[in-house]
Amino acid sequence: MSTAVPVAGNQDSSAPRRILSRLFSFPVVIVGLLAVVAVLSVRTHCDDPDMWWHLKLGQIIWTTRTIPLSDLFSYTTNHQASIPQEWLAQLTLYGAYKWAGYSGLMLWLCFFTTALLVAGYGLCVLYSGNAKVAFAGAMVIWLFATVGLAARPQLIGYLLLIAELALIHLGRTRNPRWFFWLPLLFALWINCHASFFFGLIVAGSILFASLYSFQAGSLVAPRWDPRCRRMLAMALVLAAAALFLNPDGIRQIQYPLDTLLHQPLGLSSVSEWKAPQFTDARGVALLAVLLCIFLLVAIRRSELLLDEFQLLAIGTWMALTHARMLFVFGILAAPILSRQLASAFPGHFTGKNRIWLNAMILGASLMAIGWAFPGRQSLEKQVEMASPVKAVEFIKANHLAGPMLNDYVYGGYLIWAAPEYPVFVDGRADVFEWTGVLEEYENWAALQNDPNVLLQKYRIRFCLLNRQSAMVRVLPLLPEWKLVYADGNSVIFLRATN
């Protein structure tokens, strides 16, 4: 009886194919497609008004090697103490700008948007075990993320939220040792974005659900292994201790709670903190995602885990309260929806990889990214369309003397482009609410009182306003004020007499 001996040449020829199969696999194609979606989504977003003061703070940290703990940019707050709750993310933002200017900022935005979608895809794969369904989950995250895709630290915060969900899932389903990455994650998170507080709520909610074991219809609380539960609790205690690894101690930990409880004006006046409109596509999508999840549970008799139900409830409540929290809802809902959909759709089998077709798709994705990435002139035009670029040039050329009263949304750009002119107000709503300046400005801008009162109190010499501001129609009626500059989006009024 003869024995078949493998031919070395066949083994050698199969090795390159295995490499190509992994390099041009279906999941890699999905990553390429998500990168295209990310770049197409943010290529026109180099216009966020808050990006500029984040950039300026990053520059100060980079050049001085110190983290500011008080307001450095306005003359109205009297150097009010501030919380450096995003200093590390701001440092990365300025590093990108220092490296490549506006193109660096756009690359930063494209990178973190892509990372967020790819990480969301990976999370949905973990939950569902189905690469095709996970792509749908990543697109759910993308849809709700469009409410806040901008060059701001929140992108890093939400990326870390996905990482937290992945670590907890891995610790629960594979090895509890995964939980002990959470302290490191929270030590990083508290220095990047205040959403770390929401991360604590998510982890605490999952730990709370692990205490129960029951089934009520399709709602199931599976029994956790006691050792696994203890290790999660221990990891969360260490994570809470890791929060003190920040430059401002307990004040930085308390900041998110202070924002929610003691900053009502900022929450009510800033559009992204208002409740979403259900005429908006994302509002309709929220209802559709919830309906889809509960219909799948009801019709297919699938299980909805207690911790999933809790996270859906928390995410829905927050999204219905604040439009910007639609971002968080998408991250929480997508893996749950993916798990529910997985049983209805066949998975992908690696043996069916079409290497050359996948290679062509990846090549087309790279070409699309190169085509979509905006050039320097395009980025400069975006900035000029959204910010008072020409108006600042006029102010500097004519040596206008302050104090200046500026439009709220222009404050960030002024901090960056004209730091020699301290601002009246800007997007850092917290320091202005703590000092009462935000309330004064809101009342003035909304014509709630005599405009001369505020102008006289701060001895305003000139006003830089958005053309759409109501005060643009009022200031010409006041005897001391005259229009000295106007362009497509900005106007400047100068006090004619002392």
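The values are calculated or read from the model by the stated rules, or taken from the named source; none is laboratory data. Since the model is a prediction, treat every value here as computed from it, not as a measurement. Backbone-built Cβ (ideal geometry, glycine too); neighbour counts: all protein chains shown.
Some values worked out for this structure:
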{"read-out": "From A187, A194, A131, A150, residue being closer than 25 Å to A342 by Cα and not aromatic (F, W, Y)", "value": "A131"}
{"read-out": "Residue, surrounded by the fewest Cβ atoms within 10 Å (Cβ to Cβ), within the stretch 410-424, restricted to residues that are touching a residue at least 40 places away in the same chain (Cβ under 8 Å) and out of contact with any strand residue (DSSP E or B) (no Cβ under 7 Å at 6 or more places or on another chain)", "value": "P419"}
{"read-out": "Residue that is part of a helix (DSSP H, G or I), in the same structural domain as I30 (by TED's automatic domain parsing) and touching a Pro at 6+ places or on another chain (Cβ under 9 Å), where the choices are L341, L326", "value": "L326"}
{"read-out": "The stretch 375-399, residues that are hydrophobic (A, V, I, L, M, F, W, C) and closer than 25 Å to R428 by Cα", "value": "L379, V383, M385, A386, V389, A391, V392, I395"}
{"read-out": "Selected residue (criterion: farthest from W416 (Cα to Cα)) from residues of the stretch 53-68 that are of a type in the set (A, V, I, L, M) and assigned to a helix (DSSP H, G or I)", "value": "I61"}
{"read-out": "Pairs with Cβ under 8 Å, 6+ apart, first in the stretch 154-170 and over 23 Å from C110 (Cβ atoms) and outside the structural domain of F197 (by TED's automatic domain parsing), second among the β-branched types (V, I, T) and surrounded by fewer than 23 Cβ atoms within 10 Å (Cβ to Cβ)", "value": "none"}
{"read-out": "Residues of the stretch 69-82 that turn out to be assigned to a loop (DSSP other than H, G, I, E, B) and over 21 Å from G402 (Cβ atoms), as a count", "value": "2"}
{"read-out": "Selection status of Q277, part of a helix (DSSP H, G or I) and either in contact with a helix residue (DSSP H, G or I) (Cβ under 8 Å, 6 or more places away or on another chain) or crowded, with 19+ Cβ neighbours inside 10 Å (or both)", "value": "no"}
{"read-out": "Residue within the stretch 465-480 that is loosely packed, with under 14 Cβ neighbours inside 10 Å and touching a Lys or Arg at 6+ places or on another chain (Cβ under 8 Å) present", "value": "yes"}
{"read-out": "Among (1) within 30 Å of A136 (Cβ to Cβ); (2) β-branched (V, I, T); (3) without any contact (Cβ under 8 Å) to a residue 40 or more places away in the chain, the one test that I30 misses", "value": "(3)"}
{"read-out": "Members of the stretch 1-14 that are loosely packed, with under 10 Cβ neighbours inside 10 Å and either modelled with pLDDT of 55 or more or not aliphatic (A, V, I, L, M) (or both)", "value": "S2, T3, P6, G9, N10, Q11, D12"}
{"read-out": "Flag if A397 is aliphatic (A, V, I, L, M), at pLDDT 95 or above and either closer than 24 Å to P27 by Cα or surrounded by 20 or more Cβ atoms within 10 Å (Cβ to Cβ) (or both)", "value": "no"}
